[in-house]
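One structure coming up, written as C-alpha cells, with questions to follow.
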Amino acid sequence: MPDTMMPAEHLDAVIIGAGFSGMYQLHLLRDKLGLDVRVLEMGEGVGGTWYWNRYPGARCDSESHSYCYMFSKELQQEWEWSERYPQQPEIMRYMNFVAEKLDLKRSIRFGTRVTGARYDAAANLWRISTARGQSFTATYLITAVGCLSTANVPKIPGLESFEGDWYHTGEWPHEGVDFTGKRVGQIGTGSTGIQAVPVIAAQAKHLTVFQRTANYSVPAHNAPLTPEFKQWVKANYDHLRAVMTSNTNGHPFNISQRSALDADPAEREALFEQAWAKGGLQFRATFGDILQSLEANATAAEFIKRKIRSIVKDPATAELLADIDHPYAAKRPPIDSHYFETFNRDNVTLVDVRKAPIERITPRGIVTGGREYEVDIIVFATGFDAMTGPLLRLNIEGRDGQPLSEAWAAGPRSHLGLQVPGFPNMFTITGPGSPSVLCNMPVAIEQHAEWIADCIAHLRAHGIARMEATAEAADSWVAEVNRAAEATLLPQASSSWYLGANVPGKPRVFMPYAGGMAHYAKICADVAARGYEGFALT
Ligand code: N01
C-alpha cells in the first residue's frame, strides 16, 4: 500500500531529527519511560548536522573528549577518539556506534522529511505529515532539528546562470568534491569557511576567498591523542562531567576569574602567548572579562591582530585580514588549522567584498568591484538561517491553526527555549532562548533532553493532558535572554547570526541565552521543582 493511503500511526511522542539531541531524547523516552516513540529523520542516517556538513576540513571545534554523550559512563569508556578535535567522519562513526549500542535505529524513520505538524486541540494531539505522504499522530512533539541546519545561500543575482558547480558547505555532496585543477571561489569566512580554506587551497589550482567581514581565529593545534591522554580521559570521567556541567559553556575547562586589566602588559602578553600555543576555544578563557569589558576584550583582539600581521607575509592581505570590526568572540570565535598561513600560498587570493559587495554571478564567475573573477566552482560558506530557520521550515501550526512563523513574526518567543505559548505539548530541544550554541552542544542537549523526559514523566504520573508555556512566562524569559545578552559584548557584532542579522528580513533578536549553561540548568531545575512554574498544566 503506498504511504499516502496508510492510516496515521499513533505514537506517544514524535521526535524530529536524529542528531545528538533526537537520539538521546529517543533513548530517554523509549528506554527509560517506556513510551512508544518514533524519530523522523530527513537524512538517510543518524548524525544530524554532521550528516550534512561534510565540507572539506569539517571538524568539531570542541575537543573530542568533551564532544560526546556524558550521560553514560559505559559509552564514554568504550569509545576512543583519535584526535584532539574530531573530524566529521569520526563523529559519524561515533554517532553510529551510539545508535547501535542503544539499539536506536529501529525507532528512526530515515529519509523522512517532516512537511507539517498541526496541533489538534479537540483531540489534544499533534498531526504530523511527511514529504512521503505518511501521517502520524502524537501526544508530544519534540523538535530535535539543531540550530544550524538550514543552509543560507545568499540571493546573488545570476547564480542560476553559473556554468560551473556550486555547493553550500552545509549541504555538501556525500561523494565529495574534487578540486584538482579547478579555480575555486569561496564566499564566507566564518568558522566553516576558516576550516575549509586551507584544505581547498591544498588541492585547487587557485582559490579566491571573498571576505566580507574579517574574522579572528586562534590555532586549533589539532594532533593525534596520546595513549596517556586517552587513559586520563577514561580515568577522569566523573571529574570531566562535573566540570562540564558546572560551568558557563559546557567545555572541560573553566574560564579564568581574573580580569585582563589586572595583569600588567608583559604578563598579559605571556598569558596570551601561552593560550595561543595551547590553541583552541580555551583562548577565550584566558581572562574572565574578555566577553564583558570592551577594554579587556581589546587586549585579546589586539593580540590576535598582531599574530595575523606576523603570519601573513603580504602587508595588504594581512591588513585586510586584521581589519576586524567587532570585539573578539562577539561572533562565535573560529579556530583553525593554518588558516592565516594559507594566504601565503601563491594559489590563494583574498578579495574584499566589504568595500565592494558581490554584484552578481555570471556564467563564468563572480563580479565585485567591477571585476569578474573567473571560477569553476563556487563554495558558499555563508552560514545558516540559524536557530529559528530549522523550526520554521517544519510548518508547525499551534492552537487555532496559528503558524509558528506568525507567532514568531517579531522574533522567537518561548519559555526557557523549551516551549512556545500556543503550542501545547511541543518541546524544542536547543530552541531559541536556550544556551545551546553558546555552550558545548552535547552538554546543552543532555540537559534539555533530560528536562523534557522528566517533564513528560511528571505529566503522565499526574494525569496532566496538556502543558503549555504561558505568554507571561515567555515574555519574561525573552526579557531575561535580552538582559543576559546585554550584559556581554555579544550583541556588538552587528552582523552576527546570533542576532539573525545574516538573513535579510529576519527580525533582529538575540536568540541564544547568554546567562551561562550551569545557571540556566539551575533555573530549569527550579522551575520544575516549583511544579513547572510558567507553564499551564491542564
Ligand atoms: O557561518 P557564519 P558558518 N556576501 O554565518 C559570509 C558553527 N560551526 O557556517 O560576517 C559575502 O558564521 C559572512 O559574512 P558576514 C559555529 O557555531 C561549528 O561559518 O555576514 N559574504 C560570513 O563570513 C558557527 O558560528 C563548527 O559579513 C557573505 C560567512 O559568510 C556556525 O556554525 C564548524 C554573504 C558566514 O559565516 C556558522 O558558521 C563550523 C554574502 N552575500 C561551523 N553572506 C564546529 O566546529 C554571508 N557571507 C562544530
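Relative contact order (percent) for the chain, with alpha-carbon contacts under 8 angstrom and 6 or more residues of separation?
19 percent
In terms of modelled amide H atoms, which long-range or inter-chain residues lie less than 5 Å from the amide H of Leu11?
Long-range HN contacts for Leu11: Thr137, Ala138, Thr139.
So, one more: How high is the relative contact order of the range 54-154, in percent, counting Cα pairs under 8 Å that sit 6 or more residues apart?
15 percent
Shape call for the range 394-538 from the C-alpha gyration tensor, a ≥ b ≥ c root eigenvalues: rounded (a/c under 1.5), prolate (a/b greater than b/c) or oblate?
Oblate.
So, one more: Got the relative contact order for the range 364-450 handy, in percent, Cα pairs under 8 Å and 6 or more residues apart?
17 percent
Now, a different point. Under the rule of -39500 (n - 2.57) per DSSP H run of 4 or more residues, summed and divided by the residues of the chain, what mean residue ellipticity at 222 nm is obtained, to the nearest 500 deg cm²/dmol?
Counting only the DSSP helices, I get -9000 deg cm²/dmol.
Using the Karplus equation 6.51 cos²θ - 1.76 cosθ + 1.60 (θ = phi - 60°), what ³J(HN,Hα) coupling, rounded to whole Hz, does each residue of the range 522-537 give in order, writing x for Gly and Pro?
5, 4, 4, 5, 5, 4, 5, 5, 8, x, 6, 4, x, 10, 8, 10
By what distance, in whole Å, do the Cα atoms of the range 389-463 stretch along each of the three principal axes, largest value first?
The Cα atoms of the range 389-463 stretch 36, 29, 18 Å along the principal axes, largest first.
Given the options Gln292, Tyr373, Met467, identify the residue whose Cα lies farthest towards the positive end of the charge dipole of the chain (+1 on Cβ of Lys, Arg; -1 on Cβ of Asp, Glu).
The residue sitting farthest along the positive end of the dipole is Tyr373.
Using the Cα gyration tensor of the range 189-262, with a ≥ b ≥ c the square roots of its eigenvalues, what is the shape: rounded (a/c below 1.5), prolate (a/b larger than b/c) or oblate (neither)?
Oblate, because a/c is 1.5 or more while a/b does not exceed b/c.
What distance in nm separates the simple spin-label points at His10 and Trp232, each placed 7 Å from Cα in the Cβ direction?
5.6 nm
In terms of Cα to Cα distance under 16 Å, which lysines are near enough to Lys331, apart from those fewer than 8 places away along the same chain?
Lys305
I'd like the orientation of helix 88-101 relative to the chain: the angle between its Cα long axis and the longest Cα principal axis, in ° from 0 to 90, rounded to 10.
20 degrees
Determine the shape class of the range 25-66: with a ≥ b ≥ c the square roots of the Cα gyration tensor eigenvalues, call it rounded for a/c under 1.5, and otherwise prolate if a/b is greater than b/c, oblate otherwise.
The shape class here is oblate.
Please report, in debye to the nearest 20, how large the charge dipole of the chain is about its Cα centre when each Lys and Arg carries +1 at its beta carbon and each Asp and Glu carries -1 there.
340 debye
If each of Asp400 and Asp31 carries a label point 7 Å out from its Cα toward its Cβ, how far apart are those two points in nm?
4.3 nm
Can you compute the label reach from Arg530? Point 7 Å from Cα along the Cβ direction, backbone N cut-off under 20 Å, restricted to the range 433-453.
Under 20 Å, as judged by backbone N against the label point of Arg530, lie 433-435, 448, 451-452 of the range 433-453.
Here is a further query. Any chance you could give the angle, 0 to 90 degrees and rounded to 10, that helix 191-203 forms with the longest Cα principal axis of the chain?
The angle comes out near 50 degrees.
Cα-Cα pairs above 14 Å in the range 389-428: how many percent?
When every Cα pair of the range 389-428 is considered, 39 percent fall beyond 14 Å.
How big is the range 5-136 by the Kirkwood estimate over distinct Cα pairs, in Å?
16.0 Å
Let me ask another. Once both labels are modelled 7 Å past Cα along the beta-carbon direction, what's the Glu100-Ser310 spacing in nm?
Placing both labels 7 Å beyond Cα along the Cβ direction yields 4.6 nm.
Let me ask something else. To the nearest Å, what is the center-to-center distance of the range 50-93 and the range 476-533, using C-alpha atoms only?
Between the Cα centre of the range 50-93 and that of the range 476-533, the gap is 27 Å.
Hey, what do the phi angles of the range 506-515 turn into as Karplus ³J(HN,Hα) couplings, whole Hz, using 6.51/-1.76/1.60 and θ = phi - 60°, x for Gly and Pro?
For the range 506-515, the Karplus-derived couplings read 6, x, 7, 9, 6, 8, x, 8, 9, x Hz, x marking Gly and Pro.
May I ask for the angle, rounded to the nearest 10°, between helix 471-486 and the longest principal axis of the chain, with both axes built from Cα atoms and the value confined to 0 to 90°?
Orientation of helix 471-486: about 20 degrees from the principal axis.
Values quoted throughout were computed directly from the atomic coordinates according to the rules given, and no laboratory measurement underlies them. In this text, all values refer to a predicted model and were calculated from it rather than measured experimentally. Note: ideal-geometry Cβ built from the backbone for every residue, glycine included; neighbour counts use all protein chains shown.
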